[in-house]
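Just so it is clear, none of the values below were taken in a lab; they were calculated from the coordinates. Note that this is a predicted model, so its numbers are computed, not measured. Virtual Cβ from ideal backbone geometry, glycine too; neighbours counted across all protein chains shown.
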Amino acid sequence: MKIFFHASIYGKRFYEKQYKTIVEICESNKNQVYSDHILKRNYRDTDKFSREDHERDFRKITDEIKKSDAVIVEGTYPSIGTGHYMTIALSYLKPVLVLYQKNPHGVLVGNPNRLLFLEKYNIKDLDKLKKKIARFMLLAKKKTLKNRFNLMLDDEMVEFLDIQAKKLNLSKADLIRQMISEKAKG
């Protein structure tokens, strides 16, 4: 799999060991991991970027997200940029795992997106962290949308979907997928 890793570049001062450990776990499973934009940089470097540098960097990172099968974020240290790239990943229908050591931001907890996964971890328990990442990889493979078909609905069905999707703050397509998934489970 191709994995895009992201985290706060400023937070790297405090959590560099965690960042490297997560990337190493991903790479040990023979995955290609895009992480240079975090691991090979210092926040002081990006502070010196010109507007053109930032635009080039944004395009490169966005391209890496597009090429990726999944995104893993170390989200312990809050970052506007990290949140923005998570939103981009979700808009490209990429499964996103947010790993955190403290409590995640309430916006993440309240988000019903079927592709967003939150996992608390302890860097001292590497076996558990490896299992969480491996479980996410399996889920990411399953959650990738590969099949498309047309569905014709009458006005009453569309009205029902509109109302329910609005209540749950989901798209109609996500609502239908959620309904199928719930039915398939039990």
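For this structure, a couple of remarks:
- Taking a sphere under 12 Å around the Cβ of Gly75 and counting the other residues whose Cβ falls inside, with K and R at +1 and D and E at -1, yields a net charge of 0.
- Computed from Cα atoms, the angle from the helix 80-91 axis to the main principal axis of the chain rounds to 40 degrees.
- Contact order for the range 10-87, expressed relative to its length and based on alpha carbon pairs under 8 Å spaced 6+ residues apart, stands at 30 percent.
- Using alpha-carbon coordinates, inclination of helix 51-67 to the longest axis of the chain, degrees: 50 degrees
- Whole-number percent relative contact order across the chain, with pairs defined as alpha carbons under 8 Å at least 6 apart: 19 percent
- Percent antiparallel among DSSP beta bridges (both partners in the chain, rounded to 5): 0 percent
- Phi angles of the range 34-47 translate, via the Karplus equation with coefficients 6.51, -1.76, 1.60 and θ = phi - 60°, into HN-Hα couplings of 8, 9, 4, 4, 10, 6, 9, 10, 10, 4, 5, 5, 5, 5 Hz per residue; Gly and Pro are given as x.
- Residues whose amide H lies under 5 Å from that of Val33, counting only those 5 or more places away or on a different chain, are Ile3; hydrogens are built 1.01 Å from N in the peptide plane.
- Table column - 3J(HN,Hα) (Hz), the range 26-31, Karplus curve with 6.51, -1.76, 1.60, x for Gly and Pro: 4, 5, 5, 8, 6, 8
- Choice from Leu129, Leu138, Leu90 showing the highest fluctuation, given a GNM over the chain with Cα pairs closer than 10 Å: Leu138
- Here the chain is described by how far its Cα atoms reach on the three principal axes: 57, 42, 31 Å, from widest to narrowest.
- Scanning residues 5 or more positions from Ala70 or on other chains, those with amide H under 5 Å from its amide H are Lys2, Phe4, with H placed 1.01 Å from N in the peptide plane.
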